[in-house]
Amino acid sequence: MQFSAPLKSNSKKIMLLGSGELGKEVAIEAQRLGLEVIAVDRYQNAPAHHVAHRSYVVDMQDKNALLEIIYREKPDYILPEIEAISIDALFAAEDKGYNVIPNASAVSKTMNRKNIRTFAAEVLGLKTGPYEFVTTEDGLKSAAERMGFPCVIKPVMSSSGHGQSVAKSADDIAASWEIAKEARGDASELIVEAFVDFDYEITMLTARNGKETVFCEPIGHEQRDGDYVFSWQPMQMSDVAKQKSQEMAKAITDGLGGRGLFGVELFIKGDEVYFSEVSPRPHDTGMVTLITQSQSEFALHLRAVLGLPLGFTFYGDGASAAFKSEVHNYAPVVAVDDSLFTDNSFVRVFSKPEAHKGRRLAVALVFDEVEKALEQSRELITKIKDC
Ligand SMILES: Nc1ncnc2c1ncn2[C@@H]1O[C@H](COP(=O)(O)OP(=O)(O)OP(=O)(O)O)[C@@H](O)[C@H]1O
Ligand SMILES: [Mg+2]
């Protein structure tokens, strides 16, 4: 047999910058291929730390601290897993010849709503809802009037819904301005978006390895307070909407470039598709692919990073439900009822060392027709408790 470019797995080292539950699955896939895994995060015993060869705890916003670890470990691939990270460190590492996934510029664009929105809408010409950027409360008021109510207000840099709000009328603007200060990141600039009255929203997982681009079946999801609670695959779409979604996902991922898997978030109304945002890494709503695909989004991400072939099979419908903590808890114990261990259900516990209200600690996965899988997964997360 002739191998054009065999994977010399033992000689490859990946460094995860951010070691949450998504990074943990990437680490497991890397371990399976015999790669060396270095996991970095701001706190000890982060999920991916448990499955790495070595782990580091460091302030992820500290450029010099991050570079020190990078220069010490000399990874072949640096995989940013979170947004709150020193982008200067990534540019500096890239300048020295390190391979940042997908590339430092793409990470920089996607971590800031202003950068990615203007790139998608104004450079690539992708369809989005109307939007404006503001830096003052008065600016917010007048932009909201122009967008109309309801409108969505978000800090340009934040994550998981922090600092976001929907203003239903001009009376809500003062409250929205205050909420925006809760941003995990930079609240000095806000995006004001017209509310897109979509029929449904999807994540189009898109992987590129430098030779080909592949799409996963569209993932439907339900968000609460800017955070996902349920996801399912496939989302039933018209052929036109699916085609447009793939074209948009191709355009934005080609525009960002580099290798890896991306989660392209789109709003769908009838046959119209609106670009919302994109993660240059596996997406939380994509955890459902752990059971629905022969190669999960995590496996595809790693294959794309390594430049390996991206073939995979869609096994069939499934759903995921996120289990979130209800209390603050040091060293939480996640209790999983026997009913989660059926022939078509799975549970993944992330082993986070600390819980707080709303923090995701586990996910329930069900392999069945979407409707049934969703119903069962809704039921199953009520059978998980943290104490
Ligand atoms: N303009 C909008 N119109 C209607 N719904 C919106 C709009 N913007 C956001 N939403 C809803 O809020 C959810 C979260 O918004 P968004 O994806 O922009 O932020 P996020 O996912 O919290 O950000 P991050 O990826 O940084 O965690 C969306 O998935 C969608 O359900
Ligand atoms: Mg989002």
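The values are calculated or read from the model by the stated rules, or taken from the named source; none is laboratory data. Treat the numbers as computed from the prediction; the structure is a model and nothing was measured. A quick note on method: Cβ atoms are made from the backbone with ideal geometry, for glycine too, and the neighbour counts reach across all protein chains shown. Surface accessibility is based on the protein's heavy atoms, side chains included, excluding ligands, DNA and RNA. Shrake-Rupley method; radii C 1.70, N 1.55, O 1.52, S 1.80 Å.
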Accessible area of M111 in the full protein assembly, 1.4 Å probe (Å², nearest 10) = 20
ask   = Accessible area per residue, 1.4 Å probe, Å², for the stretch 200-386: what's the number?
value = 38
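Would you kindly calculate the translational diffusion coefficient of the chain, applying Stokes-Einstein with the Kirkwood radius from alpha carbon pairs, for 20 °C and a viscosity of 1.002 mPa s, and quote it in µm² s⁻¹ without decimals?
On the way: Rh = 21.5 Å.
D, rounded to a whole number, is 100 µm²/s.
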query = Length gain on complete extension for the stretch N10 to V123, per 0.36 nm per residue less the alpha carbon to alpha carbon distance?
reply = 36.6 nm
query = Taking a spot 7 Å from the Cα of T135 along the direction of its beta carbon, which residues of the stretch 172-194 have an amide N less than 15 Å from it?
reply = 186-191
ask   = Using the Cα gyration tensor of the stretch 1-107, with a ≥ b ≥ c the square roots of its eigenvalues, what is the shape: rounded (a/c below 1.5), prolate (a/b larger than b/c) or oblate (neither)?
value = oblate
task = Just flag the chymotrypsin sites (Phe, Trp or Tyr not before Pro) in the stretch 320-387 sitting in loop per DSSP whose Cβ has no more than 12 other Cβ atoms within 10 Å.
result = F341
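Using r as the Cβ-Cβ distance of N115 and V336, and R0 as 30 Å, what FRET efficiency do you calculate, to the nearest 0.05? If you can, show how the numbers build up before the last one.
Working: r = 41 Å, r/R0 = 1.35.
E(calc), rounded to 0.05, equals 0.15.
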ask   = Just how far, in whole angstrom, is the stretch 69-118 from the stretch 176-217 if you go by their alpha carbon centroids?
value = 18
message = Using a 1.4 Å probe on the protein heavy atoms, what percent of the accessible area of the chain belongs to carbon and sulfur?
response = 48
inquiry  = Rg and Dmax in Å for the stretch 95-168, alpha carbons only: what are they?
reply    = 15.0, 49
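Suppose all protein chains stay in the model; what accessible area per residue would a 1.4 Å probe give for the stretch 69-190, in Å²?
Numbers: 5390 Å² over 122 residues.
With the other protein chains kept in place, the stretch 69-190 gives 44 Å² per residue.
Tell me, in nm to one decimal, what length is gained between F314 and D197 on full extension, where the rule is 0.36 nm per residue of separation less the Cα-Cα distance? Could you put the intermediate results ahead of the total?
On the way: separation 117, 0.36 × 117 = 42.12 nm, distance 3.02 nm.
In short, 39.1 nm is gained.
Is the shape of the stretch 49-194 rounded, prolate or oblate, going by the alpha carbon gyration tensor and its root eigenvalues a ≥ b ≥ c, with a/c under 1.5 for rounded and a/b larger than b/c for prolate?
prolate
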inquiry  = Quick check: convex hull of the Cα atoms in the stretch 130-194, volume per residue, rounded to a whole Å³?
reply    = 62
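How long is the gain from H356 to E212 if the chain were fully straight, where each residue apart is worth 0.36 nm and the alpha carbon distance is subtracted? Each step should come with its number before you reach the end.
Numbers: separation 144, 0.36 × 144 = 51.84 nm, distance 4.12 nm.
47.7 nm is the gain from fully extending H356 to E212.
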ask   = For the cross-link pairs K181/K269; K8/K74; K154/K357, which exceed 26 Å when the distance is taken from alpha carbon to alpha carbon?
value = K181/K269
Nitroxide proxy distance, nm - points 7 Å out along Cα→Cβ at K96 and D343 = 5.5
remark   = So the FRET efficiency between S108 and A251, C-beta based with R0 = 30 Å and rounded to 0.05, is 0.95
key: Largest-first principal axis extents, alpha carbons of the stretch 127-284, Å   = 48, 31, 27
note = Non-local residues with an amide H under 5 Å from the amide H of F323, with H modelled 1.01 Å from N and Pro and chain starts lacking one, are L361, A362, V363, A364
